[in-house]
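Shown next, in structure tokens, is the structure this report addresses.
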Amino acid sequence: EAGVAQSPRYKIIEKRQSVAFWCNPISGHATLYWYQQILGQGPKLLIQFQNNGVVDDSQLPKDRFSAERLKGVDSTLKIQPAKLEDSAVYLCASSLTGLPEQYFGPGTRLTVT
Amino acid sequence: DQQVKQNSPSLSVQEGRISILNCDYTNSMFDYFLWYKKYPAEGPTFLISISSIKDKNEDGRFTVFLNKSAKHLSLHIVPSQPGDSAVYFCAASVGGNQFYFGTGTSLTVIP
């Protein structure tokens with residue numbers, strides 16, 4: 001079974017630029033999550049989708065971050081414009097409906113200079 | 001507001017001995033708890049979980065204990081192996097949503 005795929009693996013941008021991350025969850029997993037993990041901290045949930053609907057986005061900085069999950073499969077997370085404090089690893093995870101165990105992708109390491 | 005806390009950033013254990021990783025939480029609404037293991041440059045991997053209606057769950061060498069009155073859970077690894085060296089995160093959720101992670105404990109198992 002293929003795992004959660006993410007791209008790119010690494011990205012370096014200057015502040016005020018835009019960036020987008022892509023995630024393809026495990027086949028059949030209806031729930032998809034985006035996390036931000038800053039160095040030395042645990043993952044912080046940004047947004048949770050159930051199919052293509054948003055379940056929880058209470059910790060998503062909506063002035064600069066956006067996410068979508070068209071067709072209930074792939075998802076993209078966008079930051080526009082980026083700030084220095086957005087430097088982090090962005091993790092995507094998926095799970096089967098009704099089960100809290102999440103399967104994580106390898107993450108995208110973003111560096112904002 | 002850190003709702004899930006792992007107060008020990010690191011732990012070293014001899015191979016074959018028991019590793020005990022601890023986690024405290026503040027939100028009494030949490031009803032499901034999970035442990036994840038993370039190697040460098042990889043995403044976290046699910047290890048073991050426990051529902052709030054239980055106080056213990058075992059899976060091979062891994063056992064999770066939940067003490068709801070103390071709002072405390074622990075992960076026991078027996079016997080510890082060098083391959084267990086990784087960062088361990090505990091996480092908690094409310095109704096399968098609102099997931100909160102601790103800051104992690106780096107475990108080193110010394111051969």
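The values are calculated or read from the model by the stated rules, or taken from the named source; none is laboratory data. From a predicted model like this one, the values you see are computed outputs, not experimental measurements. Glycine gets a Cβ as well: all are built from the backbone with ideal geometry, and neighbour counts include every protein chain shown. To get the accessible areas, we keep the full protein, side chains included, count just its heavy atoms, and leave off ligands, DNA and RNA. Shrake-Rupley method; radii C 1.70, N 1.55, O 1.52, S 1.80 Å.
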Conditions (1) open to solvent by less than 50 Å² (accessible area, probe 1.4 Å); (2) closer than 29 Å to residue A:54 by Cβ: number failed by residue B:103: (1)
Residue in the stretch B:58-68 that is nearest to the other protein chains (Cβ to nearest Cβ), counting only those that are open to solvent by 50 Å² or more (accessible area, probe 1.4 Å) and under 25 Å from residue A:96 (Cβ atoms): B:59
Condition broken by residue B:71, with the remaining ones in (1) in contact (Cβ under 8 Å) with a residue 24 or more places away in the chain; (2) over 26 Å from residue A:55 (Cβ atoms); (3) open to solvent by 50 Å² or more (accessible area, probe 1.4 Å) satisfied: (2)
Subset tally (residues that are surrounded by 20 or more Cβ atoms within 10 Å (Cβ to Cβ) and charged (D, E, K, R)) for the stretch A:76-91: 1
Counted residues, the stretch A:90-113 - those being assigned to a strand (DSSP E or B) and more than 7 Å from every other protein chain (Cβ to nearest Cβ): 10
One residue from B:55, B:31 being among the charged types (D, E, K, R) and out of contact with any strand residue (DSSP E or B) (no Cβ under 6 Å at 6 or more places or on another chain): B:31
Residue ID - nearest to the chain's Cα centre (by Cα), chosen from residues in the stretch A:22-45 that are surrounded by 21 or more Cβ atoms within 10 Å (Cβ to Cβ) and closer than 14 Å to residue A:5 by Cα: A:34
The lone exception for residue B:48 - which of (1) exposed (fewer than 14 other Cβ atoms within 10 Å of the Cβ); (2) in contact with a strand residue (DSSP E or B) (Cβ under 7 Å, 6 or more places away or on another chain); (3) within 23 Å of residue A:95 (Cα to Cα) it fails: (1)
Unique residue being free of Cβ contacts under 8 Å to residues at least 24 places away in the same chain and either closer than 26 Å to residue B:48 by Cβ or of a type in the set (Lys, Arg) (or both) when the list is A:53, A:28, A:98, A:105: A:98
Only listed residue being modelled with pLDDT under 95, within 12 Å of another protein chain (Cβ to nearest Cβ) and either in contact with a strand residue (DSSP E or B) (Cβ under 7 Å, 6 or more places away or on another chain) or surrounded by 14 or more Cβ atoms within 10 Å (Cβ to Cβ) (or both), chosen from A:73, A:54: A:54
Looking only at the stretch A:96-113, and only at residues there that are crowded, with 22+ Cβ neighbours inside 10 Å and small (Gly, Ala, Ser), the one that is farthest from residue A:4 (Cα to Cα): A:107
Output for the stretch B:44-57, where each listed residue is more than 9 Å from every other protein chain (Cβ to nearest Cβ), assigned to a strand (DSSP E or B) and closer than 26 Å to residue A:37 by Cβ: B:47, B:48, B:50, B:51, B:57
Per-region count, the stretch B:75-103, residues of a type in the set (Val, Ile, Thr) and away from every other protein chain (no Cβ under 14 Å): 2
Unmet requirement for residue B:41, which otherwise passes all of (1) assigned to a strand (DSSP E or B); (2) facing chain A (nearest Cβ under 10 Å); (3) among the hydrophobic types (A, V, I, L, M, F, W, C): (1)
